[in-house]
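Working notes, structure below.
The values are calculated or read from the model by the stated rules, or taken from the named source; none is laboratory data. Note that the structure is predicted; figures quoted are calculated from it, not measured. Don't worry about glycine lacking a Cβ; one is built from the backbone with ideal geometry, like all the others, and counts go over all protein chains shown.
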Amino acid sequence: MKFSIITLFPEMFSGVFEHSIINRAKEKEIIEIDFINLRDFGIGPHKTVDDKPYGGGTGMVLRVDVLHSAIKSAKKGEGVEKVVIFDAKGSTYSQKIAEDLSKIDHLILVCGRYEGFDERIKKHVDYSLSVGDYILTGGEIPAMALVDSVTRLIPNVLLKGDATVNESFSKTQLGRILEHPQYTRPENYEGEAVPDILLSGHHTNIVEFKEKEREKITKRVRPDLIDSKSQA
């Protein structure tokens, strides 16, 4: 799988993508990541990429012609290619979307800056995504999150293939609910003990306990995950 990341700050990604699972996936040639500097498509001698918004307003807006030129340069015409922009007005990113994206051959990620994009660029993208109800200074951090969350779902990336089956937001009969609480040594710490059933060795009872705990914690912390069938 290939990721092409369009950004004004490619240097921001160097440390993040050079460690852990993403780096291993690159070394095994399961994924490929390249960077396209949006400034290279800027207008005029100063390589301008933004301009004042029509109608007034604070800040600058990325130009549609500059963005479109960068997107066209990233497309290779091989396999399934999809373009993603990160936008506060976009659909909320989810595990379901990550699963869908993990099946695509080439993802082109467009990182916004300033006050965002000229609205007309959305005609040329496939996904407009938000990583939450808050504002960041740019799309680089959301792009890092997407690459990480998608990469771990690609076959042969994780050492244990079933690691993504029973974690939070994985699909269950109740919906995409949270994972059960986890415990390890010491068995008793400052008066808090590991639940006895997890030490019993009784597999069936342990599975039932974990399922009940998943439902309990989800109802307490994220009841919307159970109530919303659109996430199933």
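Okay, residues lined up against (1) surrounded by 13 or more Cβ atoms within 10 Å (Cβ to Cβ); (2) of a type in the set (A, V, I, L, M); (3) in a loop (DSSP other than H, G, I, E, B); (4) touching a helix residue (DSSP H, G or I) at 6+ places or on another chain (Cβ under 6 Å):
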| position | (1), (2), (3), (4) |
| --- | --- |
| Ile5 | yes, yes, no, yes |
| Met12 | yes, yes, no, yes |
| Phe17 | yes, no, no, no |
| Arg24 | yes, no, no, no |
| Glu29 | no, no, yes, no |
| Ile36 | yes, yes, no, yes |
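Within the option set Leu153, Leu146, Leu178, being assigned to a helix (DSSP H, G or I) and modelled with pLDDT of 95 or more holds for one residue only, Leu146. Does segment 47-62 include one or more residues that are surrounded by 14 or more Cβ atoms within 10 Å (Cβ to Cβ) and either of a type in the set (Phe, Trp, Tyr) or within 20 Å of Tyr127 (Cα to Cα) (or both)? Within segment 47-62, one or more residues are surrounded by 14 or more Cβ atoms within 10 Å (Cβ to Cβ) and either of a type in the set (Phe, Trp, Tyr) or within 20 Å of Tyr127 (Cα to Cα) (or both).
Identify all residues within segment 113-143 that are assigned to a loop (DSSP other than H, G, I, E, B) and over 28 Å from Glu29 (Cα atoms); write none if there are none. Before you say what the answer is, go through the steps one by one.
Narrowing segment 113-143 to residues assigned to a loop (DSSP other than H, G, I, E, B): 113-116, 118, 125-126, 131-139.
Within segment 113-143, Arg113, Tyr114, Glu115, Gly116, Asp118, Gly132, Asp133, Tyr134, Ile135, Leu136, Thr137, Gly138 meet the criteria.
Among residues of segment 123-152 that are touching a residue at least 60 places away in the same chain (Cβ under 8 Å), those with a beta-carbon under 6 Å from a residue that is β-branched (Val, Ile, Thr) at least six positions away or on a different chain give the pairs Glu140/Thr7; Ala143/Ile5; Met144/Val16; Thr151/Ile22; Thr151/Ile31; Thr151/Val157; Arg152/Ile21. The set of residues in segment 112-143 being more than 20 Å from Val66 (Cβ to Cβ) and either small (Gly, Ala, Ser) or not assigned by TED's automatic domain parsing to the domain that holds Lys96 (or both) consists of Ser130, Gly132.
Return the residues of segment 63-85 that are in contact with a helix residue (DSSP H, G or I) (Cβ under 8 Å, 6 or more places away or on another chain) and of a type outside the set (S, T, N, Q); say none if nothing qualifies.
Kept after step one, since they are in contact with a helix residue (DSSP H, G or I) (Cβ under 8 Å, 6 or more places away or on another chain), are these residues of segment 63-85: 64, 66-71, 73, 82-85.
Hits for segment 63-85 are Val64, Val66, Leu67, His68, Ala70, Ile71, Lys82, Val83, Val84, Ile85.
From the list Val207, Val221, Val157, Val165, the lone residue that is surrounded by 13 or more Cβ atoms within 10 Å (Cβ to Cβ) and either under 32 Å from the mean Cα position of the chain (by Cα) or not assigned by TED's automatic domain parsing to the domain that holds Ile104 (or both) is Val157.
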